[in-house]
Amino acid sequence: MDRITLDVTNALAAAVGPDHGVSPEELTDLRETAARALAAVEARRAQDLRWMDLPYANDVHDEILEYTASVSGRFRNVVVLGIGGSALGNTALHAALSSPFHDLAPPPGLPRLFVLDNVDPDLVGEWLDNFDPAETLFNVISKSGGTAETMSQFLLFRERLVQVLGEEGHREHIVVTTDATNGILREIVEREGYESFVVPDGVGGRFSVLSPVGLVSSALVGIDIKGVLAGALSMDEICREASPEENPALTYACLQWLMQERKAKNVAVTFSYSHRLRALADWYAQLLAESIGKRMSRGGEVVHKGPTPVRAIGVTDQHSQAQLYIEGPFDKWFTLLSVTQPDHSVPLPSAYPDLEGAEYLAGRDLGDLFEAEREGTRVALTEAMRPNVSIVFPRVDARSVGQYLMMMELAVALMGELYDVDAFDQPGVEAGKIAAYALMGRAGYEARRAEIEASAPTERKTI
Ligand code: PA5
């Protein structure tokens, strides 16, 4: 099949037993709720959930490609200054769709991509020690336009650019992606005349990868963004039109809900059997955690909902976490990302025909070993009664990655309905941002600072 598919066999009671797997009755009981969830999310498509229509925004995609063409060959580096939903999608797309060694040896004419999604001085300082801002395009991304981490990085790099290129010259090294009208960053864009893109209304941070947030840096490093969008669009069509049983996003959302609410699986592990897809698991971790991890239900009841996302990489984590997964507590369910057709064939040579412990590998392909390891893990998980599903990519390409992004965004929106939480706010994140503003002495946050100081322990216990 020329699209990603969801194999749920090993999440069913028939495979892992009724205590851990979902029975046909449980799925049937959920059918009406699921259909209502789908209708509720679809009804919001043209209202506040504008991220659902991002794959259809052809004029924006053309604008991005025009801008990319206009700066082609001019920069050795592209640096994304952003955090959370304004960074994870950029990393995920680059990891999946550029060579794993792109940044060590970029293809001719293409820049390296750095996503500096932290304000650790040992990260930012080290970048400054080793790279030249004058050879760099900074893609400043912030939906709110005021996040302290991104603003501080912008101020820092802007000053470095002005020092070497002057007030006028520095402007060509900055491209901003932010809200159309709100936020300090938009005001700065207007004052400076920076090139800019818009995060549209109804597109929250973690649902923004298919907007200019994720697409500008991707196009700059040569990723086929039209392919990504075509994939996303095709998945959107499937999830709109298919019957609930054939809708992969809805099925995944139902499984997530059943696994946590009926089978006590509080941990959702994404186990990527693809080095290139590993950062999709990081992207999904944020999408799931920030969307479903909520204190309040939509009706205002205290519920403390939410699965804990965990990321693992196959085969690497077979030698690290798999022991726990197979024999530890029954509190997890697993999503294996697997790839049917790798891009490379890497045959193994024969060197010691008399040593069976080495010779059995000779003449086989590394892909055979990778697949055997993945299947081995799948069998071991299933035999140990650990429910698992597989998202199977025909190959890792722009289209299949776009399909995955859209499927998971839709699934998480549907989970919001099933868990009855607002999947699109993030009061916990906002609380952290406000506390940071207060502690940094930002005007308007004095009262919060006083509260934090008053509640600080008078004595610390340090060992
Ligand atoms: O998903 C979210 O809303 C958050 O993770 C934000 O993306 C993150 O806090 C950064 O916010 P902003 O893009 O406003 O700088």
- prompt: With GLY73, GLY146 as the choices, which residue is more than 16 Å from the chain's Cα centre (by Cα), part of a loop (DSSP other than H, G, I, E, B) and within 16 Å of the ligand (Cβ to nearest atom)?
  reply: GLY146
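Scan LEU337, LEU369 and give me the residue that is touching a residue at least 40 places away in the same chain (Cβ under 8 Å) and surrounded by 14 or more Cβ atoms within 10 Å (Cβ to Cβ).
That would be LEU337, the only listed residue that is touching a residue at least 40 places away in the same chain (Cβ under 8 Å) and surrounded by 14 or more Cβ atoms within 10 Å (Cβ to Cβ).
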message: Can you say whether LEU104 is over 21 Å from the mean Cα position of the chain (by Cα), over 30 Å from PRO200 (Cα atoms), more than 15 Å from the ligand (Cβ to nearest atom) and part of a helix (DSSP H, G or I), as far as the supplied structure shows?
response: no
field: Which listed residue, of ASN118, ASN10, ASN90, is more than 30 Å from GLN341 (Cβ to Cβ), surrounded by 13 or more Cβ atoms within 10 Å (Cβ to Cβ) and modelled with pLDDT of 95 or more
entry: ASN118
The one condition in (1) away from the ligand (no atom under 14 Å from the Cβ); (2) part of a helix (DSSP H, G or I); (3) without any contact (Cβ under 8 Å) to a residue 60 or more places away in the chain that SER152 fails to fulfil: (1)
- prompt: In this structure, is VAL396 in a helix (DSSP H, G or I) and crowded, with 19+ Cβ neighbours inside 10 Å?
  reply: no
- line: Only unsatisfied item for GLU409, checking (1) closer than 30 Å to SER211 by Cα; (2) assigned to a loop (DSSP other than H, G, I, E, B); (3) of a type in the set (Asp, Glu), is (2)
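For (1) more than 16 Å from the ligand (Cβ to nearest atom); (2) surrounded by fewer than 21 Cβ atoms within 10 Å (Cβ to Cβ), each residue gets a yes or a no:
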| site | (1), (2) |
| --- | --- |
| ASP48 | no, yes |
| TRP51 | no, no |
| VAL78 | yes, no |
| SER86 | no, no |
field: GLY85 vs. criteria outside any loop (DSSP other than H, G, I, E, B) and either touching a residue at least 24 places away in the same chain (Cβ under 8 Å) or of a type outside the set (Lys, Arg) (or both)
entry: yes
field: Matching option when the condition is within 30 Å of ILE223 (Cβ to Cβ) and hydroxyl-bearing (Ser, Thr, Tyr), among SER400, SER350
entry: SER400
task: Could you please find all residues in the range 36-50 being under 17 Å from GLY416 (Cα atoms) and part of a loop (DSSP other than H, G, I, E, B)?
output: ARG44, ARG45, GLN47, ASP48, LEU49
field: helices (runs of 4 or more DSSP H) enclosed by the range 178-267 - at least 1 residues per element that are open to solvent by 20 Å² or more (accessible area, probe 1.4 Å) and touching a residue at least 60 places away in the same chain (Cβ under 8 Å)
entry: 225-241, 248-261
- line: When the range 121-143 is checked residue by residue, the ones that are within 16 Å of the ligand (Cβ to nearest atom) and open to solvent by less than 30 Å² (accessible area, probe 1.4 Å) are PHE138, ASN139, VAL140, ILE141, SER142
query: What about GLU430, is it loosely packed, with under 14 Cβ neighbours inside 10 Å, over 29 Å from the mean Cα position of the chain (by Cα) and either at pLDDT below 85 or farther than 20 Å from ALA289 by Cβ (or both)?
result: no
task: Considering each of GLU195, GLU187, GLU241 in turn, give the residue that is modelled with pLDDT under 95 and more than 22 Å from LEU288 (Cα to Cα).
output: GLU241
message: With the requirement that a residue be under 16 Å from THR9 (Cα atoms) and part of a loop (DSSP other than H, G, I, E, B), what does the range 343-393 give you?
response: ALA384, MET385, ARG386, PRO387
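What are the residues in the range 420-463 that are of a type in the set (Ser, Thr, Tyr) and either in contact with a Leu (Cβ under 9 Å, 6 or more places away or on another chain) or in contact (Cβ under 8 Å) with a residue 60 or more places away in the chain (or both), if any?
Result: TYR437, TYR445.
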- line: Residues in the range 273-291 that are crowded, with 21+ Cβ neighbours inside 10 Å, touching a Lys or Arg at 6+ places or on another chain (Cβ under 6 Å) and more than 22 Å from ARG395 (Cα to Cα) total 2
- request: Write out, first by first residue and then by second, each pair whose Cβ atoms fall under 7 Å of each other, whose residues are 6+ apart or on separate chains, and whose first residue, in the range 403-419, is more than 13 Å from CYS254 (Cα to Cα) while the second is assigned to a helix (DSSP H, G or I) and among the acidic types (Asp, Glu).
  value: MET406/ASP236
message: Of everything in the range 308-333, what is within 20 Å of VAL396 (Cβ to Cβ) and either assigned to a loop (DSSP other than H, G, I, E, B) or open to solvent by less than 30 Å² (accessible area, probe 1.4 Å) (or both)? Give them in sequence order.
response: ALA312, GLY314, VAL315, ASP317
message: With the structure loaded, tell me whether THR33 is assigned to a helix (DSSP H, G or I) and free of Cβ contacts under 8 Å to residues at least 24 places away in the same chain or whether it fails that test.
response: no
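The values are calculated or read from the model by the stated rules, or taken from the named source; none is laboratory data. Not measured: the values here are computed from a predicted model. Methodologically, a virtual Cβ is constructed for each residue, glycine included, from the backbone with ideal geometry; neighbour enumeration extends over all protein chains shown. Just so you know, the surface numbers come from the protein's heavy atoms only, side chains and all, with ligands and any DNA or RNA stripped out. Shrake-Rupley method; radii C 1.70, N 1.55, O 1.52, S 1.80 Å.
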